[in-house]
1. What does the extension gain come out to for Val35 and Val85, with contour length at 0.36 nm per residue minus their alpha carbon separation?
2. Only loop residues by DSSP count here, and only those with at most 16 other Cβ atoms within 10 Å; note down the chymotrypsin sites (Phe, Trp or Tyr not before Pro) in the range 154-247 that meet that.
3. Kyte-Doolittle cut-off 0.5, length cut-off 18 Å along the helix's own axis using Cα: show which whole DSSP H helices in the chain pass.
4. Percent relative contact order of the chain, based on C-alpha pairs within less than 8 angstrom and at least six residues apart?
5. Where does the range 94-232 land on Rg/Rh, using Cα atoms and the Kirkwood Rh?
6. Based on alpha-carbon atoms only, what is the radius of gyration of the range 1-54 relative to the globular estimate 2.2 N^0.38 Å?
Amino acid sequence: MHIKVGYELVYDCPQPTPMMLMLHIHHSRVDDIVVADQVMTTPRVPVSAYRDGFGNWCSRIVAPRGRITITSSAVVRDSGVEEAVTPQAGQHAVQDLPDDVLVFLLGSRYCETDRLSDVAWQLFGDAPRGWGRVQAICDYVHHHIVFNYQDARSTRTAWDAYQEGRGVCRDYAHLAVALCRCMNIPARYCTGYLGDMGTEPPYGPMDFAGWFEAYLGGAWHTFDPRNNVPRIGRVLMARGRDATDVPISNTFGPNVLSGFQVWAEEVV
């Protein structure tokens, strides 16, 4: 199957404003890109590209004073097969983990392992190690948090989500990531496109999605505590320790996001 993905972001800036953008399809899907996702701006401004420390493709611009529209549309080839479930994937002893995985055991801005460690061990200390333990964490988070777009808050951390029991997809992911790390399971935050392919209506408004990956059995595996079922057509954009590392934009000056559209739909 082919999936059309893209976005249109409109910013109003009272002064020239440098921006760092993380809006490209992840390099791990490069062989699946049928139509490339070039960043386009109106008015046109120079766009430069770079790779961040996690390997994500990023762009830099300086938005002029006034209104700027940033948009892209791409087509991605996808298998159309549901994400794999691998219950035999085992948990590694910390001393056996690869060096580059260790950073995803540590606490981070939105994933406070120090505050959640006792909670995690009380809830999941008796859960089967490996895949079963991560799935138990996802089941718990899926039922503990009530989803509502009106509850979105950029400052909400994993601890806040645990305390408040409400949030959006990034809050589900942050809480699950933190709980996994507390149980010595490396976990990293992911963001990208996830359309409604293969699901039943009614459909909510389209947005970028947040999920996570856990390191089990020598490989990274996708988990999605918000939906908590295997999905089709997930298109990764970026990975990091938490949402701090993978924002759609970092802006260095006052601005208003006055327009926001995202799409991910099967091309028929």
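Each reported figure results from applying straightforward, stated rules to the coordinates on display, with no laboratory input. Because the structure is predicted, anything quoted here is derived from the model rather than measured. Counting neighbours? That spans all protein chains shown, and the Cβs are built from the backbone with ideal geometry, glycine included.
1. On the way: separation 50, 0.36 × 50 = 18.00 nm, distance 2.96 nm.
Result: 15.0 nm gained on full extension.
2. Numbers: sites: Trp159, Tyr162, Tyr172, Tyr189, Tyr193, Tyr203, Phe208, Trp211, Phe212, Tyr215, Trp220, Phe223; in loops: Tyr203, Phe208.
Sites meeting the loop and neighbour criteria: Tyr203.
3. Details: long enough: 131-144 (19 Å, -0.46); 169-182 (20 Å, 0.55).
What comes out of the filter, once short or polar helices are dropped, is 169-182.
4. Across the chain, relative contact order equals 30 percent.
5. 0.95
6. In units of the globular-protein estimate, the range 1-54 measures up at 1.36.
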